[in-house]
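One structure is given here, and the rest of the page talks about it.
The values are calculated or read from the model by the stated rules, or taken from the named source; none is laboratory data. Keep in mind it's a predicted model, so treat the numbers as computed, not measured. Here the Cβ positions follow ideal geometry from the backbone for every residue, glycine too, while neighbour counts run over all protein chains shown.
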Amino acid sequence: MPTYQYACADCGHEFEAFQSFTEASLTTCPECKGEVRKIYSAVGVVFKGSGFYKTDSAKLNTAKTPTPPTPTPAPTPKSE
């Protein structure tokens, strides 16, 4: 269940509430019964593991197609 932060506009009381996504936002302060507003803050996200790359979720080509050989450049003659 998500935790939401609220602050009272009248008395300045700040508190947290555990609410489901479907519940309506709180409107009254539990301390003074004044009007409250929801406080939004940045969400911390931590990616753990070997890595998260675009290729991790890309479809792999299951057909085995031979890769063409890479051409080798001709040696350049040494000038004296």
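Scanning region 10-49 for residues that are loosely packed, with under 10 Cβ neighbours inside 10 Å and either part of a strand (DSSP E or B) or not polar (S, T, N, Q) (or both) turns up PHE18, PHE21, ALA24, TYR40, ALA42, VAL43, GLY44, VAL45, VAL46, PHE47, LYS48, GLY49.
The combined condition, being under 30 Å from the mean Cα position of the chain (by Cα), modelled with pLDDT of 95 or more and surrounded by 12 or more Cβ atoms within 10 Å (Cβ to Cβ), is fulfilled by ALA7.
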